[in-house]
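Derivation of every value follows stated rules applied to the coordinates shown; laboratory data play no part. Given the structure is predicted, the values throughout are model-derived calculations rather than measurements.
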C-alpha cells in the first residue's frame, strides 16, 4: 500500500487502503489530484482578498493546490477576470482552434481573450500578480471578490460584484424548468 507508479510520465497512481488515487504531476511542480472517475476540482465559494500595492492578490487557500502548477488570467464577461488552471485553459484553447476563422464573432472573441491573457505560477504564498491592463479592465483597486465558478475562478471588484448580485438575485430566484430541465 502507498506505492506510487509513473504512468505515461505525467500521471501517477497511488494504491491506498481505501482504493486508488490518481493525480497529475506537471514540470516538477505540485501534484494536482484527480478523482478516480477523472473529474477535475470544482471551484466553489466566495472570498474577499485585497490587492497589495504591487497588484498582487493572494489566492484563497482552497484554490491554491489546483492552481499551483500554473494558471491563466484573462478578461471575462461582465468586466470580471477569469482565472483558469493552465490545463483547463489548454482545453478551451483547443476547442477554440476548431472554430472556423471565417466566423467573425469567434475571431473577435479570441482576440480579446488571448490578447489580454497572462500566464503565471503562483508564488509560495499563493500570490499572483494581476497586470495593470487587467486590473483596469475589471476596475480592481483594493477590495476584491474571488469566486469559484465551477472550472474557473473569477476576480471581481467588490462593489461590482455586490451590484451584479443585487441585479441578478431575482433572475436566480426565477430560474425555471425550461432553462435547466430536470436539474432540481
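Each residue of the stretch 33-182 gets 146 Å³ once the volume of the Cα convex hull is shared out per residue. Computed extension gain for residue 52 through residue 77, at 0.36 nm per residue and net of the alpha carbon distance, reaches 6.6 nm. Taking 0.890 mPa s as the viscosity and 25 °C as the temperature, the Stokes-Einstein diffusion coefficient of the stretch 111-184 based on its alpha-carbon Kirkwood radius rounds to 163 µm²/s.
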